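The structure appears right after this line, and notes come after that.
The values are calculated or read from the model by the stated rules, or taken from the named source; none is laboratory data. Please read all numbers here as calculations on a predicted model, not as lab measurements. Cβ coordinates were reconstructed from backbone atoms using ideal geometry, including for glycine residues, and neighbour counts include every protein chain displayed. For the accessible areas, the whole protein counts, side chains as well, though only heavy atoms, and no ligand, DNA or RNA atoms are used. Shrake-Rupley method; radii C 1.70, N 1.55, O 1.52, S 1.80 Å.
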Amino acid sequence: EVQLLESGGGLVQPGGSLRLSCAASGFTFTTYAMSWVRQAPGRGLEWVSGISVSGVTTYYADSVKGRFTISRDNSKNTLYLQMNSLRAEDTAVYYCAKDLSKLKAFDIWGQGTMVTVSS
Amino acid sequence: QSALTQPASVSGSPGQSITISCTGTSSDIGGYNYVSWYQQHPGKAPKLMIYDVSNRPSGVSNRFSGSKSGNTASLTISGLQAEDEADYYCSSYTSSPTLVFGGGTKLTVL
């Protein structure tokens, strides 16, 4: 079964850090680009970051550039999102998603992990 | 990168057809054939319904179709069913390069 399983969400204070993980299974992780997409409570989808197959090329939304870092470990079939200098507006469900091709479309989504930034 | 523009809500009766529009710019929708559409039911992860403007992934009903003209893309759902009631989001590759979503459209089946 094709599956993405996120973990690492939780409650963090403003200015704090958190690292999200996304474990992939059921497909050849090493041949697909990946992305993170978030959804604030009651709001729409927002693309956050993407990464190439090799991990060499990364892409970020302006809202997180300089604060978030996307990476992947192809030996572990795992995608990561390091989030620093967190703000209240980063509060959202974070989904990892398998990319059909570089930033074109996401055909497999995880169930999401909730990140709450609050004091 | 500004979000793509979608109507906040649309509605239709069972059996009818509806169309959801998604308007961008020449730097996203108008410049590339990489428009996708997603369906999201409450509390669930999004599901890909259309990619590359008009292609349906395996398993998606042929009642769903997509098109594009200039800077505007459209999703049409024919033969509306109760299960189609959900939020729908468009997305597009951009020149930055990044990806941008629309604000979402709530579809109500009357």
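Highlighted here are the strands (runs of 3 or more DSSP E) found entirely within the range A:32-97 that include at least 1 residues which are on the phi < 0 side of the Ramachandran plot and open to solvent by less than 10 Å² (accessible area, probe 1.4 Å): A:34-39, A:45-51, A:68-73, A:78-83.
Each row is one residue, and each column tells you yes or no for (1) among the small types (G, A, S); (2) within 14 Å of another protein chain (Cβ to nearest Cβ).
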site: A:Q3; (1), (2): no, yes
site: A:F29; (1), (2): no, no
site: A:S35; (1), (2): yes, yes
site: A:R38; (1), (2): no, yes
site: A:T58; (1), (2): no, yes
site: A:S63; (1), (2): yes, yes
site: A:L81; (1), (2): no, no
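Looking at A:L11, is it surrounded by 20 or more Cβ atoms within 10 Å (Cβ to Cβ), farther than 23 Å from B:G103 by Cβ, more than 14 Å from every other protein chain (Cβ to nearest Cβ) and not basic (K, R)? Considered against the rule, which asks whether it is surrounded by 20 or more Cβ atoms within 10 Å (Cβ to Cβ), farther than 23 Å from B:G103 by Cβ, more than 14 Å from every other protein chain (Cβ to nearest Cβ) and not basic (K, R), A:L11 comes out as no. Residues in the range B:1-35 that are open to solvent by 70 Å² or more (accessible area, probe 1.4 Å) and aliphatic (A, V, I, L, M): B:A8 only.
Meeting the requirement of 1 or more residues that are small (G, A, S) and within 14 Å of chain A (Cβ to nearest Cβ), the strands (runs of 3 or more DSSP E) wholly within the range B:15-110 are B:35-40, B:64-69, B:72-77, B:86-93. Under the condition of being surrounded by fewer than 19 Cβ atoms within 10 Å (Cβ to Cβ) and not in a loop (DSSP other than H, G, I, E, B), the residues counted in the range A:108-119 number 2.
You will find that of A:L79, A:L103, the residue that is at pLDDT below 95 and under 15 Å from the mean Cα position of the chain (by Cα) is A:L103 and no other. Scanning the range B:80-110 for residues being hydroxyl-bearing (S, T, Y) and open to solvent by less than 20 Å² (accessible area, probe 1.4 Å) gives a total of 7.
Does A:R19 fit the bill of being part of a strand (DSSP E or B) and surrounded by fewer than 21 Cβ atoms within 10 Å (Cβ to Cβ)? Yes; evaluated as a whole, the condition is true for this residue.
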